[in-house]
Amino acid sequence: MALFDVVILLVVVLGLAYHRVPIKVWTITIGVLLLILTIFGKSHFIFLAICWLLYFGAAAFANFKNLRQSYFTKPIVAKLQEKMPPISDTEREAIEAGNVWWEKDLFCGRPDWKKLLADPQPKLTEEEQNFIDNQVETLCGMLNDWEILNDLHDLPENVWEFLKKERFFGMVIPKQYGGRGFSALAHSTVVVKIATRSVSTAVNTMVPNSLGPGELLLHYGTDEQKDYYLPRLAKGEDIPCFALTGPEAGSDAGAITDTGIVCYGEFQGKKVLGMNLTWDKRYITLAPVATVLGIAFRLRDPENLLGKGENIGITLCLVPTSHPGVEIGNRHWPLKLSFMNGPTRGNNVFIPIDWIIGGVDKAGQGWHMLMECLSIGRSISLPALSTACGKLTYRTTGAYSRIRRQFNTSIANFEGIEEALGDIAGYTYTNEACRIMTAGAVDKKIKPAIASAIAKYHMTELARKIIDHGMDIQAGHGIQMGPRNVIAPLHLAIPVSITVEGANILTRNLIIFGQGAIRCHPYVLKEINLFAEPESEERLEKLDGLLLSHIGYFISNLARSFVMGLTGGYLIFSPVRGPTASYYRSLTRMSSALAFLADTSMMLLGGALKRKENISARLGDILSQLYLASAVLKYFRDNGEPDSDLPYVKWCVEMCLFKIQNACDYLLDNFPMRWLGKILYFLIFPFGRSFQRPRDTTFNKIVNVMLSPSPLRDRITQFCYVGHNDNDPVKKIDTALTESIEIEPLWKKFQNAIKNGKVPRYAVFEEQMEAASKSNILTADEIRRLQNYNSLQSDVIKVDEFTFDLSKVVI
């Protein structure tokens, strides 16, 4: 009977904590329960005495504010003040830039799935779809990527003119300024399609539409600046670039050493207030051909001419590249790609003060402006490139693996190849889902700072894995450069995506969780801001309320994690029924675990967590995989939950859960206090590991879709450009795939004849056909069909050959 009392008490306490009921409710409920157990129960008086002591202590702490403030809040605030990590101005601006969105739900342990699924499906407008079907299709047909990369090292002049004429550089500029006024989804989709044809062209196209003068002017420019520059940018009369990175300011872009000194100088024959700028920038895309240059620099005002003090801070300005003293024209050569990229410099270049983006009012606000616009760029441009890499590799490598035969069978039949193909298939599906959901958030006027970092890091890393697998499968065909090889340029391009807009190592180890913990947590940012205020009774009152709520939040997530672990998540609400219901439950379970682990890590490590990068990275991995899995479920729901997609959804979500499991394992096995790590692991996984890698049968199901034409294959590779010319390598491999399926029964008949000795095994193909004809094994029509397919298959697997000096393709 005493055991029954303990179980009842434990269930009630866990239930109240699980649901995080108000203080008065749990105070009364537990008090009444203890009274009943004391009167009617059979528990030992020592056990009851301990329970009553704990109850009175907790109830007094929660209900008597003055007592709590005197003996808890004041002492703990003093200690926390010492442990609170210093936050620099640039860190604070980065943290406060942009918005949090769905990632906050995932971080806090209670994702509102109904809210996510109720969001309208992001869709292209009719005008946007027509642009993709016509202007983008025409552009792709104009491009010869081999010529761009190896002969011209630039886009052909007619391509540049077409991009300007059709306002590709003004996709995100509103129509009132002469732009196309497209959505973020349309911008992303245009980049996807172009990148499947030419990454260099895609980069030249996307940069003016992402982080650059156009985006900054739209959000922060003065009316005069918008009216002058935006129509010129939309029509391509001006080519923009934005100079942020320098020799001493790479991933740590806040370490800018470029300077501007407020002073009077001469401009157009008049003495005006302005700035003397000195800068040295590198890696600037479009700089060699830009006509208008955006510059980030530190502005100083020694004479306080602007009335803002001496050190004003990071500021942004626009300078015509024709202005005296501006140096451009030299190029970098990023992994032999041909998009325009190079340095720009200037020494004591005087410019008027009204060339500051947003005017004098925005002086010193440059870092905040950059961080907000960077979150948009990370949400669109690099995810689009990554998705394009996946789509092209999926379409061509899947077909190639069926067409290419070794040991008398398609290489797709080898389990090792199938495993690599499975990764290509699953990661491509994941990237497409993430691309659409994240672009959809931008179209809702959200600036998803954390979600964009997740998308940038994980989509580029998944693209790297996709391309590596594609290269492995295509083997010799993949490494021989030439017009026939469409995936080698992707192999060259993906390290660039991984490096830019925050190197991936930095993004994973410092940004995703480092900023996410502060922005997504319901209390931490408020607490940090209050700690920065001077001491006062009002401050103490606010901190007391926040800390009490924070404690309740922590206890609730602890209880939820343990209960969900004990029940395997089976009691968790799922917004859907059917085969995906368990995935919503599992993700909710791990969302609660993340909230619990994040709070535990922050409370125990405090400011030291900034230096514990592996802990931060693994917590960020959990948040990221929750986001990617959410995107897959949202994509599946938005597309009508077709049965054909279920193996893909199963593979993608199970892979995300498997990676979450691994992240938890690595985190807790390396926790600074090993004994505590083992306790935390038991609380979350009381029965051991809960999630495994997708089964081989699931790999097989998703790979089979790659190996034959189908509506699902077409949807996954939608917007992958397929040329209209029979010599186009993607069209050629598509044609060969269709032919291989139609010829399959006849090919088997031919192979059986070889197996039975009626056709010589090691003769050349034409001799085999002659033997089959003489033996009446094959009809003349069957021989013709086999010869045609063999010729097509040989052409597909053929690699390019060059003259000795590599100057000309001969085959």
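The values are calculated or read from the model by the stated rules, or taken from the named source; none is laboratory data. Since this is a predicted model, take the numbers as computed values, not measurements. Cβ placement follows ideal geometry from the backbone for every residue including glycine, while neighbour counts extend to all protein chains displayed. We work out accessible area using only protein heavy atoms, side chains counted, and drop any ligands, DNA or RNA first. Shrake-Rupley method; radii C 1.70, N 1.55, O 1.52, S 1.80 Å.
Per the Debye calculation on the stretch 141-289 with a single equal scatterer at every Cα and no solvent contribution, log₁₀ I(q)/I(0) for q = 0.11, 0.14, 0.19, 0.21 Å⁻¹ amounts to -0.53, -0.82, -1.22, -1.32. The figure for His469 is an accessible area of roughly 40 square angstrom, using a 1.4 Å probe on the protein chains alone. The mean of 1/r over all distinct Cα pairs in the stretch 625-736, once inverted, gives the Kirkwood hydrodynamic radius of 17.1 Å. Taking only the Cα atoms of the stretch 273-320, the radius of gyration and Dmax are 12.8, 37 Å. Shape analysis of the stretch 707-811 yields a ratio of the Cα radius of gyration to the Kirkwood radius, Rg/Rh, of 1.08. Each helix, a run of at least 4 DSSP H residues, gives -39500 (n - 2.57); summed and divided by the residues of the chain, these come to -18500 deg cm²/dmol at 222 nm. With R₀ fixed at 22 Å, the C-beta to C-beta distance from Glu161 to Asn134 puts the FRET efficiency at about 0.85.
Select from the chain the helices, each a whole stretch of DSSP H, whose alpha-carbon atoms run 27 Å or more along the helix axis and whose Kyte-Doolittle mean is at least -1.0; answer none if there are none. Within the chain the helices that satisfy the rule are 366-403, 415-443, 449-474, 537-567, 581-605, 613-638, 646-669, 729-755.
Here the alpha carbons of the stretch 391-508 define both size measures, Rg and Dmax, at 16.2, 56 Å. Taken over the stretch 532-680, the ratio of Cα radius of gyration to 2.2 N^0.38 Å equals 1.24. Taking all protein chains as they are arranged and a probe of 1.4 Å, the heavy atoms of Thr580 leave approximately 10 Å² accessible to solvent. Across the stretch 152-175, the residues whose backbone nitrogen lies under 15 Å from the label position 7 Å along the beta-carbon direction of His219 are 172-173.
The stretch 505-555 and the stretch 648-716 have Cα centres separated by 31 Å. Using a probe of 1.4 Å on the protein chains alone, the accessible area found for Met340 is around 10 Å². Relative to the globular-protein estimate of 2.2 N^0.38 Å, the Cα radius of gyration of the stretch 160-212 stands at 1.05. Could you look at the chain and say what percent of its accessible area is carbon and sulfur, using a 1.4 Å probe and all protein chains? Answer for the chain is 55 percent, counting heavy atoms of protein chains only. Measuring how big the stretch 487-611 is from its alpha-carbon positions, Rg and Dmax come out at 19.7, 65 Å. Computed extension gain for Phe56 through Trp675, at 0.36 nm per residue and net of the alpha carbon distance, reaches 219.9 nm. Rounded to the nearest 20 debye, the dipole size of the stretch 191-349 about its Cα centre is 560 debye, using +1 on the Cβ of Lys and Arg and -1 on the Cβ of Asp and Glu. Principal semi-axes of the equivalent ellipsoid, √(5λ) from the alpha carbon gyration tensor of the stretch 548-630, are 26, 16, 9 Å from largest down. Working ranking of peptides 797-803, 433-439, 443-449, 309-315 by packing, defined as the average number of other Cβ atoms within 10 Å per residue, highest first, is 433-439, 443-449, 309-315, 797-803. The Ser644 and Ser773 beta-carbon pair, evaluated with R₀ = 56 Å, returns a calculated FRET efficiency of approximately 0.85. Divide the volume of the convex hull around the Cα atoms of the chain by the residue count and you get 195 Å³ per residue. Tell me, what is the per residue accessible area of the stretch 596-646 in Å², probe radius 1.4 Å? With all protein chains present, the stretch 596-646 gives 31 Å² per residue.
Dimensions of the stretch 174-247 based on its C-alpha atoms, expressed as ranges along the principal axes with the largest first, amount to 38, 37, 21 Å.
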